[in-house]
Amino acid sequence: MTQILMALAILAIYALYALVKPEKICRRCRGWGAKGKRRASCKRCGGTGTCFRFGAPPVHRGVALAIRYLRERRDRR
């Protein structure tokens, strides 16, 4: 039981971390946005130099849905 609670705590901490800091430096181009000598844009990040962490987009979608729901509920009153 303790292991399950620890796993849930670690998962919650990672979700909060992904919510606070969703972007990371691209591993392929190391934040430069270009790879190689010709400096073509990186295919992994599209030339921005940043990528989203694993799980960050669903966490942000969930938070946005919750905020939208709460605002609609508040406006109905």
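No lab work stands behind these numbers, since they all come straight from the coordinates. Since the structure is predicted, the reported quantities are computational estimates derived from the model, not experimental observations. Cβ placement follows ideal geometry from the backbone for every residue including glycine, while neighbour counts extend to all protein chains displayed.
Key figures for this structure:
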{"item": "The chain, helix-only ellipticity at 222 nm - DSSP H runs n ≥ 4, -39,500 (n - 2.57), divided by all residues, nearest 500", "result": "-18000 deg cm²/dmol"}
{"item": "Size of charge dipole - the chain - debye, nearest 20, with Cβ of Lys, Arg +1 and Asp, Glu -1, no other charges", "result": "540"}
{"item": "Rounded to 10°, Cα long-axis angle of helix 56-76 versus longest principal axis of the chain", "result": "40"}
{"item": "nm² value of the averaged projected area, convex hull over the Cα atoms of the chain", "result": "7.9"}
{"item": "Relative contact order for the chain, counting Cα pairs under 8 Å that sit 6 or more residues apart, in percent", "result": "27"}
{"item": "Extension gain from ILE67 to LEU16, taking 0.36 nm per residue of separation minus the Cα-Cα distance", "result": "16.8 nm"}
{"item": "Positive-end residue of ILE13, GLY55, ILE67, charge dipole of the chain with Cβ unit charges", "result": "GLY55"}
{"item": "Label point distance in nm, ARG28-ARG53, each placed 7 Å from Cα along Cα→Cβ", "result": "2.2"}
